[in-house]
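Asker: Handing you a structure now.
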Amino acid sequence: MGRRRAPELYRAPFPLYALQVDSNAGLLIAAGGGGAAKTGIKNGVHFLQLEQINGRLSASLLHTHDTETRATMNLALAGDILAAGQDAHCQLLRFQTHQQKGNKVTEKAGSKDQGPRQRKWAAPAEQKSGTETHREGVELSVENLQAVQTDFSTDPLQKVVCFNHDNTLLATGGTDGFVRVWQVPGLKKVLEFKAHEGEIEDLALGPDGKLVTVGWDLKASVWQKDQLVTQLHWQENGPTFSNTPYRYQACRFGQVPDQPARLRLFTVQIPHKRQRQPPPCYLTAWDGSTFLPLRTKPCGHEVISCFSVSESGTFLGLGTVTGSVAIYIAFSLQRLYYVKEAHGIVVTDVAFLPEKGRGPELLGSHETALFSVAVDSRCQLHLLPSRRSVPVWLLLLLCVGLIIVTILLLQSAFPGFL
């Protein structure tokens, strides 16, 4: 039996590092690039239109936004605003889609990127800055908003960005160990504090204003503004390894299914140093209010590189440094889906198709869809088939039928049984 393979949804002309999904507009947004090095590799943000065609989810290139010499390493999405981490800066972008007047389709001069289902375009009458690609009947435009430097170490790099629940603030973290919080869209700094000694690996903002950060100093901390609330200790009720230091790789809040008012926090722990025989990585679910660990499960010996939680909080998505992709169920932390070395190189980001907006229409008969991108420039699609369940009424009917058949058999074998 051959190795399981995930379908390739799109291939970009540059390494891909970040991914977001806008289910309202049916857009997949992938970003990356070759950076400032003069290698000829471009830098950009690609907007892909997601569609169901003949029962299959497909993507077509709708728009290419050139980011000049800056590769986008991380993304966050809030409505029609993207926050893009580019080197030591955070750049805000606003994108808009609208129906095109008439039947013309245009592409701005200078766009030669190839993608699936690419069409031939006519040059527009007037030239504007940037690159603009139009699919028939649909236009998308991108506007650069504010930009601000968010990291100030000797080798500055913004490593993570996220919005708060109402999209009025965004938080950034990077190699200098500082958390900085900014107003949106003006990017006025409202908070700054030292969260970790060394790099911040990930951060997550909760709806109650609490902020969770994880860093290379092996710590995971919960903050209320700049005040430390508590630190997380995942091994309190879990496995202990005296000779194997672990660090937190990722943290994400997720809804509790059927209890939208409650939250869980999920973290990923990986070995801090590489070993000849690598120990397992771990997933931990935490109570979102007390921050006490609920359960911890191993998630394989491949080092986790990226992590995502589905919009409903039902599924967890993982990518590894060896290119594998997996989907876990959040409640029990059991693995439902796994493709070994799907990319063959480090997976840089994963993102679920949200369940709202056009999500159900695009999912079709599948239970969830996970997108993954990697340094190999490919975006892959991972579909989880719907798990078949038997209705309760049918189970009751089968039980009643089984009881009747049993009684009839006993009556036949032992006359006068009843």
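The values are calculated or read from the model by the stated rules, or taken from the named source; none is laboratory data. If you're wondering where the values come from, they're calculated on a predicted model, not measured in any experiment. As a convention, Cβ positions derive from the backbone with ideal geometry for all residues, glycine included, and neighbour counts pool all protein chains shown. For the accessible areas, the whole protein counts, side chains as well, though only heavy atoms, and no ligand, DNA or RNA atoms are used. Shrake-Rupley method; radii C 1.70, N 1.55, O 1.52, S 1.80 Å.
Asker: Could you list, in sequence order, all residues of the range 199-214 that are over 19 Å from the mean Cα position of the chain (by Cα) and either assigned to a strand (DSSP E or B) or among the aromatic types (Phe, Trp, Tyr) (or both)?
Answerer: Lys210 - this is the single residue of the range 199-214 that is over 19 Å from the mean Cα position of the chain (by Cα) and either assigned to a strand (DSSP E or B) or among the aromatic types (Phe, Trp, Tyr) (or both).
Asker: What are the residues in the range 358-390 that are in a loop (DSSP other than H, G, I, E, B) and under 17 Å from the mean Cα position of the chain (by Cα), if any?
Answerer: Val375, Ser377, listed by residue number.
Asker: Under 6 Å between Cβ atoms, which residue pairs at least 6 apart in sequence (or on different chains) link something in the range 80-99 that is among the acidic types (Asp, Glu) with a partner that is open to solvent by less than 60 Å² (accessible area, probe 1.4 Å)?
Answerer: As it stands, the answer is Asp80/Phe95, since those pairs meet every condition given.
Asker: Restricting to the range 23-43, give me the number of residues that are under 17 Å from the mean Cα position of the chain (by Cα) and open to solvent by less than 30 Å² (accessible area, probe 1.4 Å).
Answerer: So the answer is 8.
Asker: Taking the condition without any contact (Cβ under 8 Å) to a residue 12 or more places away in the chain and either open to solvent by 30 Å² or more (accessible area, probe 1.4 Å) or on the phi > 0 side of the Ramachandran plot (or both), does Pro360 pass?
Answerer: Yes, satisfied.
Asker: Taking interchain pairs and intrachain pairs at least six residues apart, which have beta carbon atoms under 6 angstrom, with the first residue in the range 280-294 and farther than 16 Å from Ile329 by Cα and the second in a loop (DSSP other than H, G, I, E, B)?
Answerer: Pro280/His301; Cys281/Cys299; Pro293/Trp234; Pro293/Asn237
Asker: How many of the residues making up the range 294-308 are in a strand (DSSP E or B), of a type in the set (A, V, I, L, M) and open to solvent by 40 Å² or more (accessible area, probe 1.4 Å)?
Answerer: Counting residues in the range 294-308 that are in a strand (DSSP E or B), of a type in the set (A, V, I, L, M) and open to solvent by 40 Å² or more (accessible area, probe 1.4 Å) gives 1.
Asker: If you don't mind, another one. For Thr39, are the conditions met, namely being free of Cβ contacts under 8 Å to residues at least 60 places away in the same chain, among the hydroxyl-bearing types (Ser, Thr, Tyr), closer than 20 Å to Lys159 by Cβ and out of contact with any His (no Cβ under 8 Å at 6 or more places or on another chain)?
Answerer: Considered against the rule, which asks whether it is free of Cβ contacts under 8 Å to residues at least 60 places away in the same chain, among the hydroxyl-bearing types (Ser, Thr, Tyr), closer than 20 Å to Lys159 by Cβ and out of contact with any His (no Cβ under 8 Å at 6 or more places or on another chain), Thr39 comes out as no.
Asker: Hey, could you check the range 162-198 for residues that are polar (S, T, N, Q) and under 24 Å from Val268 (Cβ atoms) and say which is farthest from the chain's Cα centre (by Cα)?
Answerer: Among them, the one singled out is Thr175.
Asker: Only strands (runs of 3 or more DSSP E) wholly contained in the range 1-96 count here; list those with 1 or more residues that are more than 17 Å from Val142 (Cα to Cα) and modelled with pLDDT of 95 or more.
Answerer: 8-11, 16-22, 27-33, 43-53, 56-66, 72-78
Asker: Please enumerate the residues belonging to the range 159-175 that are part of a strand (DSSP E or B) and either closer than 20 Å to Pro260 by Cβ or open to solvent by 20 Å² or more (accessible area, probe 1.4 Å) (or both).
Answerer: Lys159, Cys162, Phe163, Leu169
Asker: Additional query: For the list (1) more than 18 Å from Asn164 (Cα to Cα); (2) at pLDDT below 95, I need the number of the one condition that Ser289 fails.
Answerer: (1)
Asker: Please work out which residue is farthest from Gly364 (Cα to Cα), limiting yourself to the range 44-63 and to residues that are open to solvent by 10 Å² or more (accessible area, probe 1.4 Å) and touching a residue at least 12 places away in the same chain (Cβ under 8 Å).
Answerer: In this case the residue turns out to be Gln49.
Asker: Looking at the range 397-406, can you tell me whether even one residue there is at pLDDT 95 or above, open to solvent by 10 Å² or more (accessible area, probe 1.4 Å) and not in a loop (DSSP other than H, G, I, E, B)?
Answerer: So far as the range 397-406 goes, no, none of its residues is at pLDDT 95 or above, open to solvent by 10 Å² or more (accessible area, probe 1.4 Å) and not in a loop (DSSP other than H, G, I, E, B).
Asker: Please work out which one of (1) more than 21 Å from the chain's Cα centre (by Cα); (2) open to solvent by 20 Å² or more (accessible area, probe 1.4 Å) is the condition Phe291 fails and give its number.
Answerer: (2)
Asker: Ser332: over 18 Å from the mean Cα position of the chain (by Cα) and surrounded by fewer than 22 Cβ atoms within 10 Å (Cβ to Cβ), yes or no?
Answerer: For Ser332, the condition - over 18 Å from the mean Cα position of the chain (by Cα) and surrounded by fewer than 22 Cβ atoms within 10 Å (Cβ to Cβ) - is met.
Asker: Now, a different point. Looking at Gln227 and the list (1) buried (at least 17 other Cβ atoms within 10 Å of the Cβ); (2) within 23 Å of Asp176 (Cβ to Cβ), which single condition is not satisfied?
Answerer: Evaluating Gln227 over (1) buried (at least 17 other Cβ atoms within 10 Å of the Cβ); (2) within 23 Å of Asp176 (Cβ to Cβ) leaves (1) as the failure.
Asker: Considering Arg262, Arg274, Arg252, which residue is of a type in the set (Lys, Arg), open to solvent by 40 Å² or more (accessible area, probe 1.4 Å), more than 30 Å from Leu145 (Cβ to Cβ) and in a strand (DSSP E or B)?
Answerer: Arg262
Asker: All but one of (1) part of a strand (DSSP E or B); (2) within 25 Å of Val45 (Cα to Cα); (3) open to solvent by 60 Å² or more (accessible area, probe 1.4 Å) hold for Glu311; which doesn't?
Answerer: (1)
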